[in-house]
Amino acid sequence: MVKLIHTADLHLDSAFRSRFTKEEAENRRQKQLMAWKELLSFAVEKKVQGILIAGDLFDSPVVSHGTMDFFLSTISEHPEISFFYLRGNHDTENTFRYQENLPKNLFLFSEKGKKYRLNDRLLLAGVEYGTEEESKFLKLKEEDCNILLLHGALYQGTPKGEAVQGEEGIFLKNLEKLPLSYIALGHIHKGGEGKLNNGALWAYPGCLQGRGFDEEGERGFLYLKVEEEKKEIRKEFIPIKQGEFRILEIELLEDEGTLACLKKIEVEMEKAGIAKEDSLRIILKGKKGLEQERNLRYLQLQLQDSVFFLEIRDECELSWNREEAMKEKSLKGEFLRVLAAADNLSKEEQEEIIALGMGLLQGGEL
Ligand SMILES: [Mn+2]
């Protein structure tokens with residue numbers, strides 16, 4: 001039996017510019033390296049023979065010296081493990097070009113494809129981007145347990161030629177014609193898996209670590225146990241614990257004020273197992289009364305130290321009795337009457353203005 005790890009989409013050295021401060025972004029970049037180290041510790045503990053990286057190791061062609069040195073030294077420090085790296089769309093041909101003396105246990109692929117024999121029954125093939133010649137290259141032996149490494153999105157339609165990848169993506173229909181046991185993919189950050197008609201498994205491990213709220217939830221890599229004689233591959237998802245992006249929706253009732261809201265959030269955070277390293281987005285849902293202004297800044301201050309990053313969004317629907325409020329002989333009543341007469345506003349715009357106006361009338365700030 002051969003033990004392997006299948007990972008992809010590490011995007012080391014990501015900018016993290018959109019959400020974080022400079023310092024927070026730097027922290028996240030270090031956490032990406034720690035995620036890689038966590039994967040390596042697992043590999044050492046399980047005595048894994050090879051690590052397959054199915055593309056997008058780095059986020060951009062410009063990789064900092066620190067990150068490049070770090071990555072290469074983790075490889076040199078583990079001569080007992082073979083590292084197989086297939087470039088993805090975020091890497092360039094130059095990814096390792098300026099590196100002299102690449103570690104001997106780092107194996108690369110090319111557009112024409114490259115094969116590595118892991119033992120007398122187990123073969124690893126990989127093609128970067130794909131060329132016309134790949135169908136010739138992919139003449140694989142039936143008696144081998146064949147693993148194919150590719151980077152791209154799957155294409156379910158019927159391709160014209162014999163190639164396994166083209167502009168539309170990776171052609172599953174053509175892969176079905178090949179004697180494959182496992183297709184190790186990269187590119188789809190949320191992960192995914194399936195089985196071809198010829199029995200081959202395909203899988204995306206997903207990104208090693210989430211980089212934003214669009215990559216919410218548990219992330220990690222796949223641990224493979226290969227029975228090459230039987231051509232059987234069992235895989236297990238191993239989560240990485242260096243901080244996740246999480247989103248919690250909190251359902252609120254109209255009369256629940258700041259403190260009731262805080263309590264509900266704390267209960268939900270506990271239930272969801274939010275960790276200190278996590279980045280959390282809380283979305284307040286449900287209702288809020290016309291004169292009910294929940295103090296979001298208070299909530300932010302109370303909760304921000306229990307996570308790495310916190311963002312609170314208020315998406316509660318304003319609940320009020322229009323008729324009653326409109327009759328009121330007050331500044332509020334007048335404000336609502338003027339607003340109701342403005343028929344150029346959509347319902348959402350009206351609600352937004354009402355919420356703002358009510359805040360102001362109660363001494364809030366714009
Ligand atoms: Mn990617």
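Quick note: the coordinates plus some simple rules give every number you see, no bench work behind them. Being a predicted model, the structure only gives us computed values, none of them experimental. Here the Cβ is made from the backbone with ideal geometry for all residues, glycine too, and neighbour counts use every protein chain on show.
The alpha carbons of the chain occupy a box of 88, 45, 38 Å along the principal axes, longest dimension given first. Just need log10 I(q)/I(0) for segment 103-156 at q = 0.19, 0.21, 0.25 Å⁻¹, Debye formula, equal scatterers on the alpha-carbon atoms, no solvent, rounded to two decimals. Listed by q, the Debye log ratios stand at -0.71, -0.84, -1.07. From the alpha carbon centroid of segment 221-266 to that of segment 101-159 is 32 Å. Please compare each pair in K31/K287; K115/K231; K47/K136 to a cut-off of 27 Å on the Cα-Cα distance and tell me which ones are over it. Beyond 27 Å: K31/K287; K47/K136.
Give me the percent of Cα-Cα pairs in segment 307-366 that sit more than 15 Å apart, rounded to a whole number.
Details: 1007 of 1770 pairs.
For segment 307-366, the share of Cα pairs beyond 15 Å comes to 57 percent.
Evaluate the relative contact order of segment 244-319 (contact order divided by residue number), counting alpha-carbon pairs under 8 angstrom at least 6 apart; express in whole percent. After rounding, I find 41 percent. For the chain, modelled as a GNM whose springs connect Cα atoms under 10 angstrom apart, the maximal fluctuation among D255, D278, D56 occurs at D255.
Looking only at D144, D59, D305, which one moves most when the chain is put into a Gaussian network model with springs between Cα atoms under 10 Å? The residue with the greatest mean-square fluctuation here is D305. The order of S319, S279, S135, going from fewest to most other C-beta atoms within 10 Å of their C-beta, is S319, S135, S279.
When the chain is treated as a GNM with alpha-carbon contacts under 10 Å, the residue of W320, W202, W36 showing the greatest mean-square fluctuation is W320. Compared with the dominant Cα axis of the chain, that is its longest principal axis, helix 347-361 is turned about 60°. Neighbour counting of Cβ atoms within 10 Å sorts the residues K22, K264, fewest neighbours leading, into K22, K264.
Against the main long axis of the alpha-carbon atoms of the chain, helix 331-341 sits at an angle near 60°.
Each Lys and Arg Cβ is given +1 and each Asp and Glu Cβ -1; about its Cα centre, segment 2-239 then shows a dipole of about 340 debye. A straight Cα-to-Cα reach below 17 Å connects K327 with the aspartates and glutamates E291, residues fewer than 8 places away in its own chain not being considered. Ordered by the count of other Cβ atoms within 10 Å of each Cβ, fewest first, H189, H65, H6, H151 give H65, H189, H6, H151. Structural descriptor for the chain: relative contact order 13 percent, calculated from alpha carbon pairs under 8 angstrom and at least 6 residues apart. Can you give me the angle between helix 22-45 and the longest principal axis of the chain, using Cα atoms only, in degrees from 0 to 90, rounded to the nearest 10? The angle comes out near 40 degrees. Loop-resident trypsin sites (Lys or Arg not before Pro) (DSSP state other than H, G, I, E or B) in segment 284-349 with no more than 13 further Cβ atoms inside 10 Å of their Cβ: K329.
Find the percent of Cα-Cα distances in segment 134-243 that exceed 19 Å, and round it to a whole number. Working shown, then result.
Details: 2864 of 5995 pairs.
Everything past 19 Å amounts to 48 percent.
Cα convex hull of segment 1-137: how many Å³ per residue?
On the way: hull volume 16.6 nm³, N = 137.
Expressed per residue, the convex hull around the Cα atoms of segment 1-137 is 121 Å³.
Under the convention that each Lys and Arg Cβ holds +1 and each Asp and Glu Cβ holds -1, the size of the dipole of segment 320-366 around its Cα centre is about 240 debye. The aspartates and glutamates within cross-link reach of K3, meaning a Cα-to-Cα straight distance under 16 Å and a gap of 8 or more places when in the same chain, are E45, E80, D120, E227, E228, E229, E232, E236.
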